[in-house]
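Peer 1: Got a structure here, written out as structure tokens. Questions coming.
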Amino acid sequence: MENSKKRGQFRFVIYKRARDKNYTGVCLDLDIVEEGSDPVVLKQSLEEAAQGYLEIVCKENLSEKLLNKPAPKKYWSVIQDLEKYFHLLNQISQTKRSLPIEDSQVFSKNIRDLVCV
């Protein structure tokens, strides 16, 4: 389903690879990418960025195509890696150390919850 000014959802992922110093946060539907040392602060910042972006699109009556700008494939592959990892955990009880991602979270926000009507 494509996002519109009134419906849809923005998907986010926050992760930290074993070799990285900071967390990377991505709004997968708007190609917003941020880094930070605190995942809680990063989550709030990403949500605010997505909300601000949505508000501008609505206020300026811009094209809804702007609400469907996927992030580069390298960020979508993080989601795929996490899905594979969790599948493996269910199958063979591997330890967390086998994945090059140390910490992660995936979440979404409904557009209707972000719009200031």
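Peer 1: Could you give me the residue pairs with C-beta distances under 8 Å whose first residue belongs to segment 51-67 and is among the small types (Gly, Ala, Ser), whose second residue is surrounded by 13 or more Cβ atoms within 10 Å (Cβ to Cβ) and in a helix (DSSP H, G or I) wherever it lies, and which are 6+ apart or on separate chains?
Peer 2: Qualifying pairs under 8 Å: Ser63/Val57.
Peer 1: Sticking with this structure for a sec: Does segment 37-44 include one or more residues that are touching a strand residue (DSSP E or B) at 6+ places or on another chain (Cβ under 6 Å), under 18 Å from Gly8 (Cβ atoms) and part of a helix (DSSP H, G or I)?
Peer 2: For segment 37-44, residues touching a strand residue (DSSP E or B) at 6+ places or on another chain (Cβ under 6 Å), under 18 Å from Gly8 (Cβ atoms) and part of a helix (DSSP H, G or I): absent.
Peer 1: Take the residues in segment 51-77 that are under 10 Å from the mean Cα position of the chain (by Cα) and in a helix (DSSP H, G or I), then tell me which one is farthest from Met1 (Cα to Cα).
Peer 2: If we take residues in segment 51-77 being under 10 Å from the mean Cα position of the chain (by Cα) and in a helix (DSSP H, G or I), then Tyr75 is farthest from Met1 (Cα to Cα).
Peer 1: While we're looking at this one, here's another question. Consider segment 31-50. How many of its residues are in contact (Cβ under 8 Å) with a residue 40 or more places away in the chain and either touching an Asp or Glu at 6+ places or on another chain (Cβ under 9 Å) or closer than 18 Å to Leu114 by Cα (or both)?
Peer 2: 5
Okay, residues lined up against (1) among the aromatic types (Phe, Trp, Tyr); (2) at pLDDT 90 or above:
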| position | (1), (2) |
| --- | --- |
| Phe12 | yes, yes |
| Ile32 | no, yes |
| Gly36 | no, yes |
| Val41 | no, yes |
| Gln44 | no, yes |
| Glu48 | no, yes |
| Asp81 | no, no |
| Gln91 | no, no |
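Peer 1: Another question, if that's okay. Of all residues in segment 1-16 being among the basic types (Lys, Arg) and not in a strand (DSSP E or B), which is farthest from Asp113 (Cα to Cα)?
Peer 2: Looking at the filtered set, the residue picked out is Lys5.
Peer 1: Where residues in segment 17-35 are part of a strand (DSSP E or B) and surrounded by 18 or more Cβ atoms within 10 Å (Cβ to Cβ), which of them is farthest from the chain's Cα centre (by Cα)?
Peer 2: Among those residues, the one meeting the criterion is Tyr23.
The values are calculated or read from the model by the stated rules, or taken from the named source; none is laboratory data. Predicted model, so just to flag it, every value in this text is computed and none were measured. Because the Cβ atoms are built from the backbone with ideal geometry, glycine has one as well, and the counts that use them run over all protein chains shown.
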